[in-house]
Amino acid sequence: MTEPVAEPAGTERPTGPVAGPDGKLRCPWGLSAPEYVAYHDDEWGRPVHGDQAIFERVCLEAFQSGLSWLTILRKRENFRKAFAGFDIPAVAAFTDADVARLLADAGIVRNRAKINAAITNARAALELKEGLSDLVWSYAEAEPGQAPRTLADVPAQTDGSKALSKELRKRGFVFTGPVTVYASMQACGVVNDHLEACFARIR
């Protein structure tokens with residue numbers, strides 16, 4: 001989900017909760033750049049429902065692959081404009097001309113494979129009788145596990161994300177490996193990986 005900001009040589013990044021300027025304890029990545037604060041406090045780990053909202057997060061996590069999440073956050077509004085607000089039928093109807101338009105759009109990540117993946121995934125989402133949101137949420141744990149105490153306790157993937165990844169690929173989705181899927185599950189609040197002492201977990 002996040003790529004920590006580079007630290008000066010010899011500086012160790014904190015792995016446990018860190019107090020922000022307001023005195024509230026946060027996951028350490030939530031204070032690593034100003035753009036992360038609002039995302040950490042108000043979005044990440046909060047339950048998100050609805051096919052369009054889930055589709056947006058799945059797409060953005062795929063675009064993030066190999067890049068900093070901060071890059072995606074800063075380009076998020078550009079992505080929304082470029083991809084018709086992540087309206088699934090609209091993106092599913094994109095043509096080669098749209099791909100060319102997107103490849104020329106400096107406001108987004110211009111990666112042909114990832115652009116094509118968004119279109120492919122929109123078309124796959126249209127075929128889901130239960131809808132993308134219900135499918136993703138069907139992989140939520142009935143009983144949440146123990147809250148992580150440090151970043152070392154936060155996994156990159158889980159059995160649940162592996163199972164959902166396999167199901168999505170079976171349904172025609174691409175760029176949905178278990179790590180990317182787990183990041184999407186975190187972003188949509190399907191799992192809550194805020195640290196145990198983080199104010200955003202218990203507020």
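Key figures
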| read-out | value |
| --- | --- |
| Candidates GLY85, GLY30, filtered to the one that is without any contact (Cβ under 8 Å) to a residue 40 or more places away in the chain, within 30 Å of TYR139 (Cα to Cα) and small (Gly, Ala, Ser) | GLY85 |
| Residue satisfying condition, being in contact (Cβ under 8 Å) with a residue 40 or more places away in the chain and touching an Asp or Glu at 6+ places or on another chain (Cβ under 7 Å), within set TRP69, TRP44 | TRP69 |
| Meets criteria (touching a residue at least 12 places away in the same chain (Cβ under 8 Å), open to solvent by 60 Å² or more (accessible area, probe 1.4 Å) and among the acidic types (Asp, Glu)) for GLU127 | yes |
| Residue list for region 137-157, filter: in a loop (DSSP other than H, G, I, E, B) and either open to solvent by 60 Å² or more (accessible area, probe 1.4 Å) or within 28 Å of ILE115 (Cβ to Cβ) (or both) | SER138, TYR139, GLU141, ALA142, GLU143, PRO144, GLN146, ARG149, ALA156, GLN157 |
| Condition broken by ARG201, with the remaining ones in (1) touching a His at 6+ places or on another chain (Cβ under 6 Å); (2) without any contact (Cβ under 8 Å) to a residue 24 or more places away in the chain satisfied | (2) |
| Hey, ARG13 surrounded by fewer than 17 Cβ atoms within 10 Å (Cβ to Cβ) and touching an Asp or Glu at 6+ places or on another chain (Cβ under 7 Å) or not | yes |
| In region 152-190, residue farthest from ALA124 (Cα to Cα) [restricted to those that are among the aliphatic types (A, V, I, L, M) and over 17 Å from the mean Cα position of the chain (by Cα)] | ALA152 |
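The values are calculated or read from the model by the stated rules, or taken from the named source; none is laboratory data. Bear in mind that the values here come from a model prediction, so they are computed numbers and not experimental data. When we count neighbours, we look across all protein chains shown, and the Cβ atoms used for this are built from the backbone with ideal geometry, even at glycine. Each accessible area value is taken on the protein alone, full model and side chains, heavy atoms only, with ligands, DNA and RNA left out. Shrake-Rupley method; radii C 1.70, N 1.55, O 1.52, S 1.80 Å.
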